[in-house]
Amino acid sequence: MRRRSFITLLGGAAAAWPLAASAQQSAMPVIGFLSPISLDTSADRLRGFRQGLRESGYIEGDNVTIAYRWGENQMDRLPELAADLVRRRVSVIAAFATAPAFAAKAATTTIPIVFLAPEDPVRFGLVASLARPDGNLTGINLFTGELSAKRLEILREMVPGATHVAVLINPTNPTMETTVRDVEAAARAMGLQIQVLNASTSREIDAAFASFDRERPDAVFVGLDAFLNSRRAQLVNLASRHALPATFSNRDVAEIGGLMSYGTDIADAFRQVGVYTGRILKGAKPAELPVVQASKFELVINHQTARMLGLIVPDKLLATADEVIE
């Protein structure tokens, strides 16, 4: 009788173990990760985000779960992806880029949102102010949009004889209007003529470069955009094929053969989003967390590409570059 009771108790305990494990798993907070691009172009940035979470005491799969939603460069998918995260009742949404941030904001007024925005989030209506965001949003401002004039200036130093610069933008990105305005103002001050070209698909990128056979620019300025960055290998190959100097915002383009990049340290910005996400999981309110303006910028020059293009990199740029790739 005792043996049978023992076996019954043991069996009941064994049956309860999966239930206990399930309860523990369901109690684990869930982060909604909303990105407009794809996983295969985001490895370095994901590492930065996870590092920020670790700094806040969270490790994916250990004490936090991440629900990934990838837009795959289809911006019209973002509202439904954001709504899906809301239906799942995630603890916080990390929205990377302006379009995902707006999609998340439209989907919920209660779930905290941490965004990564390349433009002024106040001017674009994401938050009421940088110091006191108000509502359920806060995040990191890359400040890269405001660096357009500086990027054009550095490009002119690299290609001093340039008079005609092609500006490649993604017209579906709501921040591109500001980028074009900033570049146009800087170009006028430098006496440069610019030509704006739109590309929101791989085929349109090919078409933009094909047009250079008819009207060849002296250099190419690629706007800061998640889709264009995801096509960095295509852009680098086309710039090389047409023997055109090109400037980019993100160092990962220079690392694979792009001539140069100047902008915010993106991996570090993703880390900062991870830190803020972790703080919110610990109870902080978005309205009480000021929007952080990125202060770490980097100039990366691919010297090998410069030599291939027949360019002599000025000593001033070599001295001020954060990294020169030989």
- Note on the structure: Computed ³J(HN,Hα) along segment 121-134: with the Karplus parameters 6.51/-1.76/1.60, θ = phi - 60°, integer Hz and x for glycine or proline, the list is x, 6, 4, 8, x, 6, 9, 6, 7, 6, 6, 10, x, 6
- Note on the structure: With the dipole of the chain defined by +1 on each Lys or Arg Cβ and -1 on each Asp or Glu Cβ, the option from Gln293, Thr108, Pro79 whose Cα lies farthest towards the positive pole is Thr108
- Query: Hey, what angle do you get for helix 232-241 against the long axis of the chain, alpha-carbon based, 0 to 90 degrees rounded to 10?
  - Reply: 20 degrees
- Task: Work out the charge dipole of segment 66-177 with +1 on the Cβ of Lys and Arg and -1 on the Cβ of Asp and Glu about the Cα centre, then indicate which of Thr172, Ala97, Ala149 is farthest towards its positive end.
- Result: Ala97
- Per the Cα gyration tensor, segment 105-208 corresponds to an equivalent ellipsoid with semi-axes, largest first in Å, of 32, 17, 10
- In sequence order, calculated HN-Hα J values of segment 201-212 (Karplus, 6.51, -1.76, 1.60; Hz; x Gly/Pro): 9, 4, 5, 5, 5, 4, 5, 4, 6, 5, 5, 5
- Length-normalised contact order for the chain - Cα pairs under 8 Å, 6+ apart - percent: 20 percent
- Query: In deg cm²/dmol, rounded to 500, what helix-only [θ] at 222 nm does the chain give when every DSSP H run of at least 4 residues adds -39500 (n - 2.57) and the total is split over its residues?
  - Reply: -13000 deg cm²/dmol
- Assuming a ≥ b ≥ c are the square roots of the Cα gyration tensor eigenvalues, decide whether the chain counts as rounded (a/c under 1.5), prolate (otherwise, with a/b larger than b/c) or oblate. prolate
- When only C-alpha pairs under 8 Å and at least 6 residues apart count, what is the relative contact order of segment 149-265, in percent? 27 percent
- Message: Only sites in a loop by DSSP and with at most 15 other Cβ atoms within 10 Å count here; which trypsin sites (Lys or Arg not before Pro) in segment 232-326 make the cut?
- Response: Lys282, Lys296
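For segment 119-215, which trypsin sites (Lys or Arg not before Pro) are both in a DSSP coil and crowded by at most 16 other Cβ atoms within 10 Å? Each step should come with its number before you reach the end.
Numbers: sites: Arg123, Lys150, Arg151, Arg156, Arg181, Arg188, Arg203, Arg214; in loops: Arg123, Arg214.
Those that pass, being in a loop and sparsely packed, are Arg123, Arg214.
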- With both partners inside the chain, how many of the DSSP beta bridges are antiparallel, as a percent to the nearest 5? 10 percent
- Rounded to 10°, Cα long-axis angle of helix 78-87 versus longest principal axis of the chain: 20 degrees
- So what does Met28 come to for accessible area, using a 1.4 Å probe and Å² rounded to 10? 40 Å²
- Message: Please give the charge dipole size of the chain, origin at the Cα centre, charges +1 on K and R Cβ atoms and -1 on D and E Cβ atoms. Round to the nearest 20 debye.
- Response: 1500 debye
- Query: Tilt of helix 148-158 relative to the longest C-alpha principal axis of the chain, in degrees (0 to 90, nearest 10)?
  - Reply: 50 degrees
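The values are calculated or read from the model by the stated rules, or taken from the named source; none is laboratory data. Computed from a predicted model, the values in this text were never measured in an experiment. Because the Cβ atoms are built from the backbone with ideal geometry, glycine has one as well, and the counts that use them run over all protein chains shown. Note: accessible area is taken over every heavy atom of the protein model, side chains too, but ligands, DNA and RNA are not part of it. Shrake-Rupley method; radii C 1.70, N 1.55, O 1.52, S 1.80 Å.
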